[in-house]
Structure formats: C-alpha cells, structure tokens
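One structure is given here, and the rest of the page talks about it.
Coordinate-derived values only; no laboratory data. A quick note: this is a predicted structure, and the numbers were derived from the prediction, not measured. Don't worry about glycine lacking a Cβ; one is built from the backbone with ideal geometry, like all the others, and counts go over all protein chains shown.
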Amino acid sequence: MALSETAKAARRQRLVDSAHALIRESGAGFSMLQLAEHAGVSPATPYNLLGSKTEVLHHVIRDEFARFSQRLARQAQAERPLDRLLQATDLVVTHYADEPAFYRGLYRAALGTEVRGMMSDLGQTLWCQLVSQAVAAGDLSPRIPAAELTAVLLRAMAGTTQAWLAEDWPTDRFAAEMTRATRLLLLGLVSDADRARLLASLSP
C-alpha cells in the first residue's frame, strides 16, 4: 500500500532528524545505511524519499536555516532594523553554542563544494533581508550595496565560527569575537551616535 503524502512527509522529517542526530554524534561521515537504521526504515527509504547523501545534507541545512529563522523571528524584535541585525548576529552565538558538535560536523561537511554553495545561498538570502531593511531605514549607509555588505558580513561570521569550532573557544569568547567582528565591520556605515554605541559594545 502506497504511503500518503502526509506519511511520506513525516518519514522524510524523521530521516532529516536522524541525519541531524548522526552529525551531532559523529560528524557527517555516516552512510545511507546508518541513516536508515537510525531512523528505523528500510535501506531503500532514504534514497526514495531524499535522494543522494548530498541531498540528505541539503535537507538538513534547509531544516537548520528554518529553525534559526523561527528563533530569529521570536527573539530579534528590536524596533530599529540595525538593532535587529545586531541581535541576529548575537543569536548566531547562542544558537550554535547550543549544539557545538552538530555545527562542527556541519561545517566539516560544508568543505564539499555543493554543500558549501547551498549554505552560502541560504545565508545570503536570510541575512541580505536584514541588511536591506537596515539600509532602507537609514540605519546603514547605502554606499555599499546590501548584497555586497551581506557577503562580507557572512564571511566575517563564518570565519569567527570556524575559529570557535577549531580552537574550542568557550562561549563567552565566541560571543566577544563575534561582537568584535560584526561591529567593527559596520562602524563606517552607521551614524555618529550608532558608531559611539558600537564602539562602547567593544569595550572590555
């Protein structure tokens, strides 16, 4: 008997959740057979519902971006777009520090070209919206196009995150380094009052 679309969606999510758990436990080097066993399905089911191993990782990444976006909508509620952008960069630390083993495995998987490209595309879409809102509100100077500024901001955040994972920084240092990387990047694009505020946030 064929599965209904609802049942397929539920089984697909179970596979994505299992992939998430396997990445957290031992990195992204799991096999499709291990994924099937963890999810309690037949060996053919991951291929039938998700496709290749790369597609499995794509589903995990999409799911992760959705979780972060939902958390962002709940927690980054400042009135000014600039402050929402800053809250979002702070939330990266909180969100990643909740599951360091998972993000270590995910970042290692991102060394693969296809996975890295998808993470970059999704990140650009999510963060460019925040940057564009700050530019439109006059919180950030329009001298640098929003897409270009977003790309530089993402590189700064990714570099900080990779250093946290590689060097096993404590969370407070991760937070301090993320604050430094993102605020310094924005100093030349904000008003004098906001510049003073950003500089104050960098003080020990």
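Couple of notes before you dig in:
- Taking other C-beta atoms within 10 Å as the exposure proxy, I23, I61, I144 rank I144, I61, I23 from fewest upward.
- For the chain, the fraction of alpha-carbon pairs lying more than 21 Å apart is 57 percent, rounded to a whole number.
- Helix 100-109 axis versus longest C-alpha principal axis of the chain: approximately 80°, rounded to the nearest ten.
- If only the Cβ of Lys and Arg carry +1 and only the Cβ of Asp and Glu carry -1, the dipole of region 61-201 around its Cα centre is close to 120 debye.
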